[in-house]
Amino acid sequence: MTICPCCGFKFEGTLSQGCTSCGAYSVGEALPRPERELPAYGRSLLLAVTGTLMVLVFVIQTISAAVQRAPRVTSVMTLASVFPSDFWSWVAAGETAAWRLKWVAMPVTIVVLWASLKIYRSILKSPARFCGLRYARTGLMASVLVPVLIAVLIGVTVPERLRQRQDGLQAAADLVGRTYDRALFQYSLRYRTLPAELVDLRRLPDPDGSIAAALSVLEASAYSTYKPSVDLAALPKGKSRTLRGAVIRNASLDTTDDLPGEGLSFTNYDLRLPGADKLMGTEDDLIVRDGVILRASESVHRPGTNTVSPKSSKP
């Protein structure tokens with residue numbers, strides 16, 4: 001098989017007989033190869049440039065994260081304060097850069113490592129034809145170390161990220177508890193009693209919709225309980241304590257027009273909500289008791305309190 005140097009046509013035969021496509025033919029013997037050939041450095045340079053670019057990208061992202069974490073610069077004199085001076089601040093900036101590059105570094109690393117290893121092996125097979133083996137090895141090592149460094153920085157921050165996520169879920173659960181605490185307090189101020197059921201909280205003004213959102217969360221939990229009660233020790237001395245679990249309220253002493261009808265005047269309550277795990281009966285259950293918000297693991301019953309409580313109710 002002969003390839004014509006003029007037109008590139010492939011044919012059987014020799015150029016001395018002429019190309020069957022363009023008619024070109026050789027006018028003499030091919031020149032001999034030179035006795036000394038300079039080795040090529042293109043492949044080694046490619047590996048060195050690739051590794052350097054990956055390092056530069058990571059360094060630039062780290063510097064950018066460090067600048068963003070620093071306070072605002074008010075003048076040129078304080079420009080040096082933009083860059084942190086301690087080691088751990090740079091580590092934190094590197095962690096931020098690693099999380100930013102995680103989705104870009106993964107596909108790029110696969111392509112770069114595959115191509116770099118292939119080029120590096122070709123250099124090793126023909127060391128006489130290629131030079132700069134040390135630079136090629138350095139570039140390959142840089143291409144490997146950058147994704148490894150990104151993986152390590154991401155790995156060390158995973159526990160902290162999980163903790164922050166758990167804190168966020170717990171804060172969301174606490175927000176629901178605080179919303180109920182606020183709504184129950186407003187209800188007691190407005191109606192001089194606590195609601196017998198949580199659905200009665202819908203009677204309150206709710207301009208931002210927080211009470212409705214909290215009620216919807218409680219309705220989704222089948223095991224959340226609300227227990228209003230009466231503190232008999234707090235009753236006036238003139239009142240009888242032999243009223244079958246209730247205190248009859250004198251409607252003539254109350255001037256509020258929109259008060260509920262006569263019945264139990266609840267003074268205490270106990271509300272149990274699911275915690276961040278959305279499950280009841282665990283240690284992170286949220287308990288809202290008379291304005292105090294605490295975990296189930298921290299919950300203790302108040303000593304010396306004699307209460308009368310009706311059947312637990314759900315919204």
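Please treat every number below as a calculation from the coordinates, not as lab data. This is a predicted model, so every value here is computed, not measured. Glycine also receives a Cβ, built like all others from the backbone with ideal geometry; neighbour counts cover every protein chain displayed.
With r defined as the distance between the Cβ atoms of Met280 and Lys102 and R0 fixed at 41 Å, what FRET efficiency is calculated, to the nearest 0.05?
0.65
Which length gain, in nm to one decimal place, applies between Ala115 and Leu133 when the Cα-Cα distance is subtracted from 0.36 nm times their residue separation?
4.9 nm
Based on the mean of other beta carbon atoms within 10 Å per residue, what is the order of 154-166, 136-148, most packed first?
Most protected by this proxy first, the peptides run 136-148, 154-166.
To the nearest 0.05, what FRET efficiency results for Ile293 and Val158 with a Förster distance of 22 Å applied to their C-beta separation?
The value I calculate is 0.15.
What FRET efficiency, computed as 1/(1 + (r/R0)^6) with R0 = 22 Å and r the Cβ-Cβ distance, is obtained for Ser16 and Arg36, rounded to the nearest 0.05?
0.15
Taking 7 Å along the Cα-to-C-beta vector as the label spot, tell me the Arg69-Leu204 distance in nanometres, rounded to one decimal.
Each label point lies 7 Å from its Cα, and together they span 4.1 nm.
If we count every other residue with Cβ under 15 angstrom of Ala115's Cβ, Lys/Arg +1 and Asp/Glu -1, where does the sum land?
Charge balance in the 15 Å sphere: +3.
Over the alpha-carbon set of the range 115-158, work out the extent along each principal axis and list the three values in angstrom, largest first.
Ordered largest first, the range 115-158 gives principal extents of 47, 16, 9 Å.
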